[in-house]
Structure formats: structure tokens, C-alpha cells
Amino acid sequence: MSPEKNSVDRIIKRRISLGELREYARTPAIVAEDVLTANKSVLLPHGTELASLVSTVDDLEKVLRRWGIFSIPIVIHNEMDIEELEKMLKAAETNLSVIDPQLARQTVEQVENVYDRIARGTCGPEDISNLAMQGRTLAKEVAQAPQVMLCLGKVRGWDEYTYVHSLNVALLGGFLASRLFPDRPEIVERLSMGGILHDLGKARIPKEVLNKPGPLTNEEFAIMKQHPIYGEELAAVNGISDEKVLAVIAGHHERYGGNGYPKGLVKDDICIEARISAVADVFDALTAKRVYKEPMESRMAVSMMLENMSAHFDPVVVRALLVSIGLYPPGTAVELSDGSMGVAVGAREKDLLRPEVLLQIDHMGRKVEEMKIVDLSSSKSLFVHRSLQDVGKIAF
Ligand SMILES: [Fe+2]
């Protein structure tokens with residue numbers, strides 16, 4: 001598809017039983033091939049619109065049965081406007097259990113406020129502990145919202161990157177922790193609290209270095225590398241005493257292979273909480289839109305982390321991320337093998353090819369009004385025909 005095209009072509013081909021004729025006569029379906037008698041006379045020519053048969057459908061059914069014909073091949077060809085589809089898919093979000101948008105907005109505002117106070121030297125223990133408590137609330141939300149991946153990026157665009165990024169690292173870090181340690185809510189909580197605070201030290205980095213729209217010079221990078229240390233100090237003097245939360249702040253730029261900063265720790269010398277936060281931090285940075293770069297698709301980001309950056313991250317954590325994203329990341333618009341369309345909302349580890357899909361358009365091209373989730377892993381006949389992200393420019 002050319003990048004200018006603003007619609008998705010949809011061709012639904014199938015054989016329908018005679019019992020379905022009446023139903024399909026209400027769609028733009030046409031007969032896909034000539035329907036012939038045993039002696040090759042054409043009973044129903046290829047190209048006949050089923051809608052034109054509405055008034056004669058009972059008689060037609062009798063004739064077809066008499067000739068031993070019990071099904072006919074049909075095709076529905078229509079184009080779907082991408083804008084229309086996007087609107088529909090975005091509306092699907094309201095049907096999913098995701099993080100409360102109010103809570104997300106409030107969190108980002110709170111992060112911004114704390115950064116501002118740090119920069120002005122008016123930040124006190126209460127500000128930091130309130131922010132940490134917000135992290136705890138997020139951890140509870142993460143536990144209840146398995147579709148947390150859908151939330152990342154939802155609040156982008158209405159605030160500066162660093163604040164939104166803090167929220168996302170808290171959400172994604174907590175989510176990965178809940179996947180890796182389902183029976184350890186305290187680890188989930190540390191990740192969400194640590195995530196919200198992880199870049200706190202950036203409040204002490206000069207704005208011209210922090211927001212520079214391009215690569216940093218060696219000198220600037222040396223300044224930037226101080227932010228985990230500043231952050232840990234700030235949190236500790238302001239009452240954060242959980243060592244693991246402090247380790248997330250201090251260690252989110254440490255790298256599994258030892259080439260991170262500030263300490264250059266290696267493998268298990270970096271605590272699991274910091275290893276998880278490193279994955280969440282980089283994944284969100286790669287998939288974020290910045291002034292100087294377009295967002296990377298989540299599938300691309302995770303494959304890059306698996307291949308080009310494999311020495312940087314704990315493979316167990318990256319694997320958990322891969323599983324969470326699956327081959328059809330939550331939020332991906334997909335077309336199923338029967339022509340229906342929907343939004344992938346998650347996949348099971350054993351069957352990444354067969355996600356659960358929130359249906360938006362049924363197999364006859366009609367909008368699905370009620371909430372209907374199809375679990376492809378338990379369907380023998382249905383599979384994902386294509387991801388619509390690959391077809392059009394759907395920014396869901
Ligand atoms: Fe950082």
C-alpha cells in the first residue's frame with residue numbers, strides 16, 4: 001500500500017450455506033464463481049449481487065437444493081477508511097480494563113510538580129513520599145489491568161517527555177515484575193515506586209543538557225550520567241528508605257554486560273528490580289516520539305533489544321517483555337481469517353500467534369456494538385490474517 005492511501009482494502013471470501021443467503025443478502029456480497037448445475041448450465045452467474053436476490057431468496061434456495069447445491073462461494077469487497085477505523089479502534093479502548101486516565105494524568109502532573117520543586121530547591125520529604133505513594137497506587141492498578149501495555153503512550157503529547165516517561169516506566173516495570181513474580185506483590189510495588197522516581201536526579205541536570213534535541217557531547221554526557229546518583233541522594237534524604245526502590249533509581253542505567261553507569265555493575269550484582277527497570281526504561285525510550293525521532297514500533301523495539309542490545313539486558317526480563325508484547329502487541333489492529341476486525345488485547349505465552357482480540361467489525365463487515373473478545377488460542381478455525389499496522393498507518 002502506498003503511504004498516501006487512506007483506506008484499507010478488505011476482501012472477504014468464503015462459502016456460505018443456503019441458510020445464510022438471506023443474511024448475506026443484506027451485505028455488499030457478490031457471487032464469487034458461476035454456480036452450475038450438473039450439466040454445466042449457469043444457475044447463478046459470477047458477479048451476481050446477493051442484495052438483488054432478497055425478494056427471490058426462498059425460490060432460489062429451493063432450486064439450488066433441487067440441484068444438490070447446498071453452499072455458494074461469495075466475496076465481499078469493500079474499502080475501509082483508515083480514519084474511520086482508527087476512530088473505531090480508539091473507542092475500543094473504553095471497553096478495556098486499562099489504567100484510569102485521570103490517575104495517569106494526575107501522576108504526570110505530580111511528577112512535573114516535584115521536578116519543579118527540586119529545581120527551585122523547595123522540594124520536601126512530603127513531596128517525594130506522596131509521589132512514591134502514587135507509585136504504590138499504580139502498582140495496584142497494574143495488578144488489576146492486564147492490558148497495561150495499551151496505556152503506554154496514551155498520555156504522550158500533552159506533557160514533557162520526562163514526566164510521561166516516569167509514569168510509563170512505573171507501569172511497564174510493575175507489569176513486567178507482575179509477570180516475572182506473580183506471587184511477589186512487594187516487587188511489583190518497588191518497581192512502580194522506583195519507576196515513578198527513577199529519573200528524579202534529572203531535575204538537577206541543566207535543562208539545556210536534559211532537553212538537547214540531539215546527541216550529547218562527551219562533557220554533556222558526563223553530566224547526564226550523574227542523574228542516577230543525584231536521584232538516589234534526593235530520594236534517600238527525603239525519606240525513601242526501601243533499599244530496592246533506591247536501587248532502581250541508582251541502577252536503571254546499569255547494563256547486564258557491565259557497560260552501564262554509574263558503577264558499571266555486572267549481571268547479578270545489579271538487583272533484579274534495577275534490571276527490570278532498565279528494560280522498561282529503554283523500551284519506553286525507543287517507542288516514544290521525541291522531537292528528534294519518530295516512535296519505534298513495539299515489535300521492532302523488543303527485537304532490537306533481543307538482538308543488537310542483548311548484552312545490555314537480563315535475558316529473562318527481555319523474554320518477559322517479548323511475551324507481554326507477543327507478535328501482535330496489545331493495541332494492534334488486526335484482521336482475522338474470516339474478515340472480521342478488532343484489536344489484539346494480549347496473548348498467552350504458549351501461543352503468541354493467537355492473541356485475544358476485541359472484535360470491532362464482524363465477519364460480515366458490520367460494526368460490533370457489544371463487547372466481544374475472541375480468544376484465538378481456543379478457536380480451531382480463526383487466525384490473524386494480517387496486522388493492519390502493516391497495511392495502513394494506523395496509530396492506535
Ligand atoms: Fe534515567
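Every number in this text was worked out from the coordinates using simple rules, so none of it is lab data. On a predicted model such as this, the values are computed, not experimentally measured, just so you know. With ideal geometry, Cβ positions are generated from the backbone for all residues, glycine too; neighbour counts draw on all protein chains shown.
Can you classify region 333-390 as rounded, prolate or oblate using the Cα gyration tensor, where a ≥ b ≥ c are the square roots of its eigenvalues, rounded means a/c under 1.5, and otherwise it's prolate if a/b beats b/c and oblate if not? Don't jump to the answer; show the numbers that get you there.
Numbers: a/c = 1.62, a/b = 1.46, b/c = 1.11.
It comes out prolate by the Cα gyration axes.
Mind checking region 266-368 for GluC sites (Glu not before Pro) that DSSP puts in a loop (not H, G, I, E or B) and that have at most 10 other Cβ atoms within 10 Å? The partial results should precede the final answer.
Details: sites: Glu273, Glu297, Glu307, Glu335, Glu349, Glu356; in loops: Glu297, Glu307, Glu349.
In loop regions of region 266-368 (DSSP not H, G, I, E or B), the sparsely surrounded GluC sites (Glu not before Pro) are Glu307.
Can you compute the label reach from Arg15? Point 7 Å from Cα along the Cβ direction, backbone N cut-off under 17 Å, restricted to region 319-339.
338
Please build a GNM for the chain, connecting alpha carbons under 10 Å apart, and tell me which residue among Leu180, Leu172, Leu359 fluctuates the most.
It is Leu180.
Sort 203-209, 36-42 for me by packing, meaning the mean count of neighbouring Cβ atoms within 10 Å per residue, highest on top.
Working: 203-209: 15.0, 36-42: 9.9.
In descending order of packing, they fall as 203-209, 36-42.
Which trypsin sites (Lys or Arg not before Pro) does region 315-375 hold that lie in a coil by DSSP with at most 14 other beta carbons within 10 Å? Write out the running numbers ahead of the final one.
Numbers: sites: Arg319, Arg348, Lys350, Arg366, Lys367, Lys372; in loops: Lys350, Arg366, Lys372.
Sparse-neighbourhood loop trypsin sites (Lys or Arg not before Pro): Lys350, Arg366, Lys372.
At 7 Å along Cα-to-Cβ for each site, give me the label-to-label distance between Ser129 and Arg105 in nm.
Going from the Ser129 label point to the Arg105 one covers 2.9 nm.
Two decimals is fine: what's Rg over Rh for region 97-325, C-alpha atoms, Kirkwood radius as Rh?
Over the Cα atoms of region 97-325, Rg/Rh equals 0.93.
Given the C-alpha centroids of region 283-354 and region 215-260, what is the distance between them in whole angstrom?
27 Å
Can you compute the modelled spin-label distance between Asn259 and Glu369, with each label point 7 Å from Cα toward Cβ, in nm?
The answer from the label model is 5.8 nm.
What would the Debye equation give as log₁₀ I(q)/I(0) for region 7-84 at q = 0.11, 0.13, 0.17, 0.26 Å⁻¹, counting only Cα atoms as equal point scatterers?
-0.30, -0.40, -0.64, -1.29
Looking at the chain as a GNM with Cα springs under 10 Å, which of Glu49, Glu20, Glu243 has the largest mean-square fluctuation?
Glu20
Just to be sure I understand: with springs between alpha-carbon atoms less than 10 Å apart, which residue in Ile16, Ile74, Ile196 has the highest mean-square fluctuation in the Gaussian network model of the chain?
Maximum fluctuation in the GNM of the chain, among the listed residues, is at Ile16.
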